[in-house]
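Beneath this line is the structure, given in structure tokens, with notes to follow.
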Amino acid sequence: MPLYQKEISFGLVTALLIGLGLNSAASAITTADPFLKKVDEQLQSSKAPSESLVSELGSFVQKNPTSYQGHFLLGTCYDRLGLLDQSISEFKLATQYSHNDSEPILELIREQMALKQDITVLKLLKIAETQFPYDPNVAYWEGNFQLFTKKDPKQAQLFYDQALKRASKPIAGLHLGMAEVALSESHNSKAIEEATKELELHPNTPMAILVAGMALAKSGVMSVAYNPLRSTYKDNKARPEVARLFAQSAYWNSDFAGAIEPAIVQMALSSDHDPNHDDLPMKRLLVQCLRKVPKKIGENLVLETSQNLDNNPKVFQDPAFHRTLGDALSELGLHQMAVFQYNLCLMRNPGDANAWFKLGKECDLYNQDYPYALVCYEKAKALQRTLPQIENYLERLQDRMAMRDNDLSWRIKDWLRLSYYKVRTALGAVGP
């Protein structure tokens, strides 16, 4: 079935595996013990194990300390409950006591990859290669290591090909890995093909839907890319490419309000905040979207998104983003919001000369706060002495300030501004 005809509905991707697109530890062990079989069946049908189940399993492994199946299932329980340290300890014991089953060491590799323990993962993969040289799942995880850790898609593809040849049954995530490889090499039709295969084998896999959506967007099929990107963006907004493609697809599908947040997120994650690059693509797209939505809705979306980014410093790093966002808002005539963004930039980086200059222009040209505009221009000049534009604005304002009392136009402006603030105060308005 073509991707665009599939029904897309799914829960959150497990946080540990957001980069790999897999579910948390699936048990599916082979055991003759009736108690372990019962536990395995419960884990297959339920995501969160009960306290009584974990307690019973803990008692079992105490009585049977060399049962690798018991340790593996207990590790799976801990993994489902988000208890990483305990799950890793149990997977290590399962690996120690297993001889013919690769599943425990592969689960340990999965856990260590999620924790970015690259050296440990490499050692575990070497052990797995030696102990299980023909196991397709070992080749698959070697491919994952090459793709997601080493960032080597060509080497990853070699391991994925090995896994595909060796496998007697489908491996969850294998076609997804191959789709990621194709996407990284701009083979968009191949990425769509492999992602669709993954969805046929394992319907509603979030990362497969995401990769297919990204490939469709990169192929220019924005109308088809929109739904899969919309359904997966929320859990992957820390990936700038995802934010960019979703913003573009939302725009081309006339979801202008929906494009605003991903456009701002992509700007925040971008490393390009050069003040000389006035035509940044996401800034242009944001301006166009804000022009097409009701003013209050646009303002609320900008404010909410900006605040969310500030509350997530692990994702958002560069304070110059606030300057870029301020430029977009100023262009739209949202000058008080622009001032707010310039101030946020300067709170985090007081040495940003361009932010001081932009803030000075807002105070000078739109807020008529000339004394503070002068302060901003002077700070900008002290930080950036080689920019003629700053010098021109500073000298112009200094000259006009010197003639202020004799300049009728300025006196009228000041009177209007004072009257404006009196009216706002009488009406109970807040803000400058």
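The values are calculated or read from the model by the stated rules, or taken from the named source; none is laboratory data. In this text, all values refer to a predicted model and were calculated from it rather than measured experimentally. As a convention, Cβ positions derive from the backbone with ideal geometry for all residues, glycine included, and neighbour counts pool all protein chains shown.
Every residue, every condition in (1) outside any helix (DSSP H, G or I); (2) under 25 Å from the mean Cα position of the chain (by Cα); (3) in contact (Cβ under 8 Å) with a residue 40 or more places away in the chain, yes or no:
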site: ARG110; (1), (2), (3): no, yes, yes
site: GLU129; (1), (2), (3): no, no, no
site: ASP161; (1), (2), (3): no, no, no
site: GLU198; (1), (2), (3): no, yes, no
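I'd like to verify a number: residues in the stretch 361-374 that are closer than 15 Å to GLN398 by Cβ and loosely packed, with under 15 Cβ neighbours inside 10 Å, how many?
2
I need the full set of residues from the stretch 327-379 which are part of a loop (DSSP other than H, G, I, E, B) and on the phi < 0 side of the Ramachandran plot, in order please.
Result: LEU332, LEU334, ASN349, PRO350, GLY351, ASP352, ASN367, ASP369.
Quick check on my filter: what residues within the stretch 76-85 are crowded, with 17+ Cβ neighbours inside 10 Å and of a type outside the set (Phe, Trp, Tyr)?
Of everything in the stretch 76-85, those that are crowded, with 17+ Cβ neighbours inside 10 Å and of a type outside the set (Phe, Trp, Tyr) turn out to be THR76, CYS77, ASP79, ARG80.
From the list ARG400, ARG396, which one is at pLDDT below 85, part of a helix (DSSP H, G or I) and surrounded by 12 or more Cβ atoms within 10 Å (Cβ to Cβ)?
Answer to the check: ARG400.
GLN157 is checked against (1) part of a helix (DSSP H, G or I); (2) at pLDDT below 95; (3) closer than 25 Å to PHE132 by Cα and fails just one. What number does that condition carry?
Checking GLN157 against (1) part of a helix (DSSP H, G or I); (2) at pLDDT below 95; (3) closer than 25 Å to PHE132 by Cα, the one that fails is (2).
Could you tell me whether ALA382 is at pLDDT below 95, under 22 Å from LYS283 (Cβ atoms), among the small types (Gly, Ala, Ser) and in a helix (DSSP H, G or I)?
no
Of the residues ALA217, ALA268, which single one is in a helix (DSSP H, G or I), in contact with a Ser or Thr (Cβ under 8 Å, 6 or more places away or on another chain), of a type in the set (Gly, Ala, Ser) and buried (at least 19 other Cβ atoms within 10 Å of the Cβ)?
Of ALA217, ALA268, the one residue that is in a helix (DSSP H, G or I), in contact with a Ser or Thr (Cβ under 8 Å, 6 or more places away or on another chain), of a type in the set (Gly, Ala, Ser) and buried (at least 19 other Cβ atoms within 10 Å of the Cβ) is ALA217.
Report, by residue number, each residue of the stretch 129-139 that is of a type outside the set (Phe, Trp, Tyr) and closer than 15 Å to GLN162 by Cα.
GLU129, PRO133, ASP135, PRO136, ASN137, VAL138, ALA139
Those residues that are at pLDDT 90 or above and of a type in the set (S, T, N, Q), I need them from the stretch 187-226; list them, please.
Across the stretch 187-226, the qualifying residues are ASN188, SER189, THR196.
Take the residues in the stretch 112-123 that are part of a helix (DSSP H, G or I) and charged (D, E, K, R); name whichever of them is nearest to GLN69 (Cα to Cα).
Looking at the filtered set, the residue picked out is LYS123.
Mind telling me which of the residues GLN96, GLN112 ends up being closer than 22 Å to CYS77 by Cβ and surrounded by fewer than 16 Cβ atoms within 10 Å (Cβ to Cβ)?
After applying the criteria, what remains is GLN96.
Somewhere in the stretch 48-67, is a residue part of a loop (DSSP other than H, G, I, E, B) and in contact with a Phe, Trp or Tyr (Cβ under 6 Å, 6 or more places away or on another chain)?
Yes; the residues of the stretch 48-67 include at least one that is part of a loop (DSSP other than H, G, I, E, B) and in contact with a Phe, Trp or Tyr (Cβ under 6 Å, 6 or more places away or on another chain).
List every residue pair whose Cβ atoms lie under 7 Å apart, where the two residues are 6 or more positions apart in sequence or sit on different chains, the first residue falls within the stretch 341-370 and is β-branched (Val, Ile, Thr), and the second residue, located anywhere, is surrounded by fewer than 17 Cβ atoms within 10 Å (Cβ to Cβ) and at pLDDT 90 or above.
Hits for this filter: zero, empty list.
Can you find, within the stretch 132-159, the residue that is nearest to THR196 (Cα to Cα) among those that are of a type in the set (Phe, Trp, Tyr) and within 23 Å of the chain's Cα centre (by Cα)?
Out of the qualifying residues, it is PHE148.
If GLU193 satisfies all but one of (1) over 20 Å from the mean Cα position of the chain (by Cα); (2) within 17 Å of GLY143 (Cβ to Cβ); (3) surrounded by fewer than 19 Cβ atoms within 10 Å (Cβ to Cβ), what's the number of the condition it fails?
Every condition holds for GLU193 apart from (2).
Right, TYR97: modelled with pLDDT of 80 or more, aromatic (Phe, Trp, Tyr) and more than 23 Å from HIS202 (Cβ to Cβ) or not?
For TYR97, the condition - modelled with pLDDT of 80 or more, aromatic (Phe, Trp, Tyr) and more than 23 Å from HIS202 (Cβ to Cβ) - is not met.
With (1) at pLDDT below 90; (2) assigned to a helix (DSSP H, G or I) as the list, and GLU261 as the residue in question, which single condition is left unmet?
(1)
Does PHE91 fit the bill of being modelled with pLDDT under 80, aromatic (Phe, Trp, Tyr), in a helix (DSSP H, G or I) and buried (at least 20 other Cβ atoms within 10 Å of the Cβ)?
In short, yes.
Please find, within the stretch 35-47, the residue that is nearest to GLU103 (Cα to Cα) out of those that are assigned to a helix (DSSP H, G or I) and in contact (Cβ under 8 Å) with a residue 24 or more places away in the chain.
The residue in question is ASP40.
What are the pairs with Cβ atoms under 8 angstrom where one residue, in the stretch 138-157, is under 17 Å from ILE127 (Cβ atoms) and the other, located anywhere, is outside any helix (DSSP H, G or I) and among the hydroxyl-bearing types (Ser, Thr, Tyr)? Sequence gap at least six, or different chains.
Taking only residues 6 or more apart or on different chains, the pairs are VAL138/SER102.
Can you give me the number of residues within the stretch 49-75 that are polar (S, T, N, Q) and either crowded, with 24+ Cβ neighbours inside 10 Å or in contact with a Cys (Cβ under 7 Å, 6 or more places away or on another chain) (or both)?
Final tally of qualifying residues: 1.
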